[in-house]
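Bear in mind that the values in this text are calculations on the coordinates, not laboratory data. This is a predicted model, so every value here is computed, not measured. Counting neighbours? That spans all protein chains shown, and the Cβs are built from the backbone with ideal geometry, glycine included.
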Amino acid sequence: MLKENLAQVEQNIRAACERVGRAREEVTLIAVSKTKPVEMLQEIYSEGIRDFGENKVQELCDKMEILPDDIRWHMIGHLQTNKVKYIVGRTELIHSVDSLHLAEEIQKQAVKKGVFVPVLVEVNIAQEESKFGTSKEEAVQLVRGIAGLDHLQVKGLMTIAPYTENPEDNRLYFRQIRQLSVDIGKQNIDNVSMNVLSMGMTGDYMTAIEEGATIVRVGTGIFGERNYSKE
Ligand SMILES: *Cc1c(COP(=O)(O)O)cnc(C)c1O
């Protein structure tokens with residue numbers, strides 16, 4: 001079943017790329033595996049997926065220990081400063097840097113370990129109360145602050161668009177964040193690149209790709225609905 005789901009997602013990604021004249025290689029699919037057992041991750045791994053996204057440090061570390069070394073792990077959830085030490089140097093990309101305080105802790109741990117940490121700045125584009133992320137207005141300032149931390153490498157922006165039944169509702173937000181990333185890119189800030197745009201989930205990843213996403217984060221579309229009740 002997962003194989004079929006994945007094939008469908010892959011087909012949708014290709015179709016979205018084609019609609020706007022983008023190459024399939026411009027978009028990375030992250031399989032968001034939070035709450036899912038390692039057997040399911042293994043199944044997707046055997047289909048060739050190497051990028052996995054988790055939103056909790058403990059779960060990420062547990063799965064990392066069991067699964068193959070060539071997996072690229074993405075931290076996509078809110079990160080608490082006291083958990084930073086467990087993942088620094090072990091993730092492909094931290095998508096959820098939303099404060100200078102957090103970035104400074106990442107810097108501290110990165111210096112300790114002698115590693116450089118690629119990060120995205122999370123922007124709360126629709127200014128939802130329930131979501132983390134810096135505001136659109138404060139994003140530049142935060143990027144500039146992080147740029148001064150020499151063991152962090154800002155690669156771009158990440159956003160979680162509002163939940164909606166109709167992906168068209170989010171097109172405007174995807175456009176806004178894309179524009180924001182272009183604007184920040186133009187400032188040529190040292191130690192900052194704006195090549196990565198992590199946006200689009202199961203409900204809206206095709207729209208996100210049409211609007212310039214370079215990473216889409218798909219959970220339900222691959223693994224099925226999550227069941228939080230047994231936690
Ligand atoms: C859970 C999660 C996803 C995946 O959501 P789906 O709707 O299941 O595809 C993507 N991004 C983040 C940050 C998440 O927490």
Over the stretch 164-231, the quotient of the Cα radius of gyration and 2.2 N^0.38 Å is 1.36
Full-extension gain in nm, HIS78 to SER193, via 0.36 nm per residue minus C-alpha separation: 39.2 nm
Where does the Debye-calculated log10 I(q)/I(0) of the stretch 2-62 sit at q = 0.13, 0.15 Å⁻¹, using only Cα point scatterers of equal weight, no solvent? -0.40, -0.52
Going by the alpha-carbon gyration tensor, a ≥ b ≥ c the square roots of its eigenvalues, is the stretch 2-223 rounded (a/c under 1.5) or, if a/c is not under 1.5, prolate (a/b greater than b/c) versus oblate? oblate
Pop the C-beta distance of VAL182 and GLN141 into the FRET formula with R0 = 30 Å and round what comes out to the nearest 0.05. 0.95
Given 5 Å bins starting at zero, what is the percent of C-alpha pairs of the stretch 1-133 in each, up to the one with the largest pair distance? 2, 9, 18, 18, 18, 16, 12, 6, 1, 0
Computed over the Cα atoms of the stretch 40-95, the Rg and Dmax in Å are 11.0, 35
In whole angstrom, how far apart do the alpha carbon centroids of the stretch 131-183 and the stretch 74-130 sit? 14 Å
Quick calc, VAL38 & GLN8: beta-carbon distance into FRET formula, R0 22 Å, rounding 0.05, result 0.45
More than 13 angstrom apart: percent of Cα pairs within the stretch 99-143: 59 percent
Compute, for the stretch 2-223, the length of the dipole vector about the Cα centre, with Cβ point charges of +1 (Lys, Arg) and -1 (Asp, Glu) only. Units Debye, rounded to 20. 440 debye
quick note, the chain, DSSP beta bridge pairs, % antiparallel (nearest 5) is 0 percent
1/(1 + (r/R0)^6) with r = Cβ-Cβ of GLU18 and ARG226, R0 = 35 Å, i.e. FRET efficiency to nearest 0.05, evaluates to 0.70
Cα-based Rg and Dmax for the stretch 110-221, in Å, come out at 14.3, 46
